[in-house]
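K.L.:
Can you keep this structure in mind? I'll have questions shortly.
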Amino acid sequence: MKALVYNGPCDVQIKNVPDATIEKPTDVLVRITTTNICGSDLHMYEGRTSMETGRILGHENMGEVIAVGKAVDRVKVGDMVCLPFNIGCGFCESCERGLTGFCLTCNPGSAGAAYGFAGMGPYSGGQAELLRVPYGDFNCLVLPKDAQEKENDYVMLSDIFPTGYHATELAQMKPGDSVAIYGAGPVGLMAAMSAFLKGASRVFVVDPNKDRLALAEKMGAIGINDIEGDGAAQIKELTDGQGADCGCECVGYQCCDKHGKEVPNLTMNNLVEAVKPTGGIGVVGVFLPEDPGAKDELAKEGKLAFDYGKLWFKGQRIGNGQANVKAYNRSLAKLIHAGRAKPSQIISHELSLDEAPHAYKKFDERADGWTKVILKPGQ
Ligand code: NAD
Ligand code: ZN
């Protein structure tokens, strides 16, 4: 089959590799119809992780079930399914509590398992024609009849829609709250959309990227260009000097200095400033435990220059980590089905798998107009 493989820093290639197959009785085999490029793929693409060369990337996947193992009895051949990026077993203590991002079976001794991800188990990614799904009955979200018609919406349930929603949950956002979101990348935009779905009174989105801010404004958010001024000061000014009720970090460590300045992980300090005392802060942007390829000296060791004293003094709370996609995807699918949520609105490029290496380069540069790339391996 054709697949996108990691070949070293800033080098991904389309190669012919052995077909994915059913390996265990609990597996499901999916023919991928849509697979996205994510900001998380860029940590590996930039060579800042232990990603092995030759591995297939891609954790935002959906497609059609074409074979099931002998122990699979819920999912059927022909079902259209969306696959949460976290791989869970369904029966460990974490999975039983809904914390599928921290499954104790699929990647023992580490923080969860995912497709095509460094440090998250040996699982191949879905930027390919076929994908093996472990514990298929548990991990496949079977989609309703409008799966093909709304494919570009449903595929966002694999990661960024639940992740954006998770950011607002970690921030303990409530209806009526004003919300400060750092990052207008796909995840930040999904956090903004989720905040509105949950009844936010106002949403402030901070990013130096003008076209991404324009998308946030189209959703009804107030865009704040952090290059033209101090974003936190602007948010305070717009909230009678108090700060937003809660905030979301949707940036993570960024190597990209396209905006003419190094980004020394200041988003956390900015959020502490932009959020009012006792407000919640949800951090879904990724900070790696080790980042030898980082430009920032502290980040190389997974450390952050963070004003903890300010956070403590303001009595704020922080929630961290990857989204437990299964905790949200069923409910969010209903919003898509009912026409109440349209996450596809942020897609900038719909390309074939062959065009993926070029798309990685442009998305990594955060080139103008390249907001969210989805790939169609069958086309
Ligand atoms: P992205 O990395 O392109 O988005 C980051 C955005 O932040 C960009 O638009 C960039 O211009 C902006 N930015 C950079 N520096 C900034 C600063 N100082 N202040 C404000 N904005 C700044 O793509 P993405 O897909 O949206 O990913 C965002 C982050 O979310 C990444 O770290 C990714 O790994 C992470 N992520 C986490 C989860 C999870 O489960 N926790 C899931 C998916 C993605
Ligand atoms: Zn992702």
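K.L.:
Just to be sure before I move on: is Cys95 away from ligand 2 (no atom under 16 Å from the Cβ), in contact with a helix residue (DSSP H, G or I) (Cβ under 8 Å, 6 or more places away or on another chain) and among the hydrophobic types (A, V, I, L, M, F, W, C) in the structure I sent?
P.N.:
yes
K.L.:
I need a count of the residues in the range 85-105 that are at positive phi and either among the aliphatic types (A, V, I, L, M) or surrounded by 15 or more Cβ atoms within 10 Å (Cβ to Cβ) (or both).
P.N.:
Of the residues in the range 85-105, 1 are at positive phi and either among the aliphatic types (A, V, I, L, M) or surrounded by 15 or more Cβ atoms within 10 Å (Cβ to Cβ) (or both).
K.L.:
Within the range 106-120, can you find the residues that are more than 18 Å from the chain's Cα centre (by Cα) and surrounded by 18 or more Cβ atoms within 10 Å (Cβ to Cβ)?
P.N.:
Cys106, Asn107
K.L.:
Is there a residue being of a type in the set (Lys, Arg) and either within 16 Å of ligand 1 (Cβ to nearest atom) or over 24 Å from the mean Cα position of the chain (by Cα) (or both) anywhere in the range 82-98?
P.N.:
Within the range 82-98, none of the residues are of a type in the set (Lys, Arg) and either within 16 Å of ligand 1 (Cβ to nearest atom) or over 24 Å from the mean Cα position of the chain (by Cα) (or both).
K.L.:
Okay, next question. If you check Gly54 against the conditions, is it touching a Phe, Trp or Tyr at 6+ places or on another chain (Cβ under 9 Å), crowded, with 22+ Cβ neighbours inside 10 Å and under 30 Å from Cys255 (Cβ atoms)?
P.N.:
Against the criterion (touching a Phe, Trp or Tyr at 6+ places or on another chain (Cβ under 9 Å), crowded, with 22+ Cβ neighbours inside 10 Å and under 30 Å from Cys255 (Cβ atoms)), Gly54 does not qualify.
K.L.:
Look at Gly47 and say whether it is away from ligand 2 (no atom under 16 Å from the Cβ), surrounded by fewer than 18 Cβ atoms within 10 Å (Cβ to Cβ) and under 19 Å from the mean Cα position of the chain (by Cα).
P.N.:
Yes: the conditions hold for Gly47.
K.L.:
Now, a different point. Sort out which residues of the range 180-213 are away from ligand 1 (no atom under 12 Å from the Cβ) and out of contact with any Phe, Trp or Tyr (no Cβ under 7 Å at 6 or more places or on another chain), and write them in order of number.
P.N.:
Listed by number, the residues that qualify are Met193, Ala195, Phe196, Leu197, Lys198, Gly199, Ala200, Ser201, Arg202.
K.L.:
Same structure again: What are the pairs, 6+ residues apart or on separate chains, where a residue within the range 284-299 that is over 20 Å from Tyr182 (Cα atoms) and in contact (Cβ under 8 Å) with a residue 24 or more places away in the chain has its Cβ under 8 Å from a residue that is surrounded by 17 or more Cβ atoms within 10 Å (Cβ to Cβ) and charged (D, E, K, R)?
P.N.:
Matching pairs, first to second residue: Asp291/Arg48; Pro292/Arg48; Gly293/Glu46; Gly293/Arg48; Ala294/Arg48.
K.L.:
Follow-up question, since we're still on this one. Just one of (1) part of a loop (DSSP other than H, G, I, E, B); (2) farther than 18 Å from Gly39 by Cα; (3) within 16 Å of the chain's Cα centre (by Cα) trips up Leu332, so point out which.
P.N.:
Checking Leu332 against (1) part of a loop (DSSP other than H, G, I, E, B); (2) farther than 18 Å from Gly39 by Cα; (3) within 16 Å of the chain's Cα centre (by Cα), the one that fails is (1).
Every number in this text was worked out from the coordinates using simple rules, so none of it is lab data. Remember, predicted model here, so these are calculated numbers, not experimental data. Every residue, glycine as well, gets a Cβ built from its backbone with ideal geometry; the counts of neighbours run over all protein chains shown.
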